[in-house]
2 protein chains.
Amino acid sequence: MKGLGELERSIMDILWAENAPLTAREVGRLIEDRDLAPTTVMTVLDRLSRKGFLTRTRDGRAWRYQPAASRDAYVAELMLEALDMTGDRDAALTRFAQAVSGTEAEILRKALTELGEE
Amino acid sequence: MKGLGELERSIMDILWAENAPLTAREVGRLIEDRDLAPTTVMTVLDRLSRKGFLTRTRDGRAWRYQPAASRDAYVAELMLEALDMTGDRDAALTRFAQAVSGTEAEILRKALTELGEE
DNA sequence: TCACCTCTCTACAGGACGTAGTACTACCCC
DNA sequence: GGGGTAGTACTACGTCCTGTAGAGAGGTGA
């Protein structure tokens with residue numbers, strides 16, 4: 001998987017936050033604080049779908065874009081990818097476990113416990 | 001934190017694998033399969049220390065480079081960084097927990113348990 | 001038909017990286 | 001002591017990615 005640029009991520013954030021597939025115009029409106037040219041938004045949406053982060057379907061002449069995967073899935077995948085980078089996954093995992101905060105350690109523990117029960 | 005390029009990572013891998021600080025020449029010898037000019041290795045080592053991935057100390061006229069952090073720490077940090085990207089850390093963590101393989105889930109569980117005992 | 005929307009194509013600047021040459025300095029051997 | 005050698009710093013260049021956007025084409029409604 002490739003990383004995302006800053007604008008790309010802003011746009012993914014918008015689409016992840018929204019539940020419905022959006023057109024370029026709609027995304028542009030939601031990102032208004034940056035005052036981007038409409039084509040800029042379109043270009044980025046296009047690149048994102050080319051990279052597989054978005055899927056798009058026709059709606060009249062316009063395209064509607066929506067995330068190909070949930071943000072959680074994306075984040076989890078990034079984490080796994082980082083993990084793949086090491087020779088010693090166990091050490092890295094241990095380190096990671098030590099680094100997450102208390103509440104999050106709790107979440108992780110619970111998720112793992114539920115796993116074990118399946 | 002910034003990501004690493006491909007050559008940068010090869011070089012970090014070498015330095016992570018080695019326990020002693022190496023000179024550019026030594027790194028170059030260890031990476032021989034690529035047949036790089038000595039200055040290429042030096043440039044990359046230099047960039048890596050500029051980015052904070054390496055520290056260097058003088059050894060006569062030469063520099064000796066060593067990782068500023070362990071690979072595990074680096075990987076763990078990458079993972080945390082990915083985690084920071086999401087609005088809903090819990091969901092991402094849960095997702096992650098579900099994605100790691102059984103053995104690794106075990107490792108994680110153990111690390112978390114030990115945490116709890118401290 | 002005219003204004004408009006949306007698309008696709010093309011472009012360009014800036015930064016990161018891989019790659020390396022050049023020029024300068026210090027050191028060792030003959 | 002002079003030349004080769006090793007090591008450094010500085011500079012450079014091509015490529016790819018990303019942010020940014022214009023130009024042109026083809027529908028669409030008034």
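Read the figures in this text as sums done on the coordinates, not as results from a lab. If you're wondering where the values come from, they're calculated on a predicted model, not measured in any experiment. As a convention, Cβ positions derive from the backbone with ideal geometry for all residues, glycine included, and neighbour counts pool all protein chains shown.
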What are the nm distances, shortest first, from A:THR39 to its equivalents in the other copies, labels at 7 Å along Cα→Cβ? 4.1
I need the Kirkwood Rh of the stretch A:6-67: take the reciprocal of the average 1/r across all distinct C-alpha pairs and report it in angstrom. 11.3 Å
Roughly how tilted is helix A:6-17, in degrees to the nearest 10 and between 0 and 90, from the longest Cα axis of chain A? 90 degrees
Taking chain A, how much of its Cα-Cα pair set, in percent, is spaced more than 24 angstrom apart? 43 percent
Modelled label reach - A:ARG34, point 7 Å along Cα→Cβ, the stretch A:1-22 residues with backbone N closer than 17 Å: A:3-18, A:22
GNM result for chain B, Cα springs below 10 Å: residue of B:PRO38, B:PRO21, B:PRO67 fluctuating most strongly: B:PRO38
Please give the Cα centre distance for the stretch B:3-29 versus the stretch A:47-69, rounded to the nearest Å. 41 Å
Under 5 Å from the placed amide H of A:LEU54, counting only residues 5+ away or on other chains, we find A:SER49, A:ALA68
Nearest 10 degrees, 0 to 90: helix A:102-117 Cα axis against chain A principal axis: 80 degrees
Using a 7 Å offset from the Cα along the Cα-to-Cβ direction at both B:ALA62 and A:SER101, what is the distance between the two label points in nm, to one decimal? 4.6 nm
Along the stretch A:60-71, Karplus-curve 3J(HN,Hα) (6.51, -1.76, 1.60; θ = phi - 60°) to the nearest Hz, with x for Gly and Pro, reads x, 8, 8, 9, 10, 10, 8, x, 6, 9, 6, 4
Express the C-alpha Rg of the stretch A:71-117 as a ratio against the empirical globular expectation 2.2 N^0.38 Å, rounded to two decimals. 1.22
Rounded to the nearest 20 debye, what is the charge dipole size of the protein assembly as shown about its Cα centre when +1 sits on each Lys and Arg Cβ and -1 on each Asp and Glu Cβ? 1100 debye
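Within the set of other residues whose C-beta is less than 13 Å from the C-beta of B:LEU80, count the net charge using Lys and Arg as +1 and Asp and Glu as -1.
Cβ neighbours under 13 Å give a net charge of -3.
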Given a cut-off of 22 Å, what percent of all Cα-Cα pairs of the protein assembly as shown lie beyond it? 62 percent
Run the helix sum for chain B: -39,500 (n - 2.57) per DSSP H stretch of 4+ residues, divided by residue count, reported at 222 nm to the nearest 500 deg cm²/dmol. -19500 deg cm²/dmol
Determine which lysines satisfy two conditions relative to B:LYS2: a Cα distance under 28 Å, and not lying fewer than 8 residues away in the same chain. A:LYS2, A:LYS51, B:LYS51
Look at the axis of the rotation that sends chain B onto chain A, then give the chain B residue with the nearest Cβ and the distance in whole Å. B:MET79, 2
Averaged across the residues of A:60-73, what count of C-beta atoms belonging to other chains lies within 10 Å of each residue's C-beta? 2
Compute the label-point distances linking A:THR113 to its equivalents in the other copies; points lie 7 Å from Cα along Cα→Cβ; give nm, one decimal, shortest first. 1.3
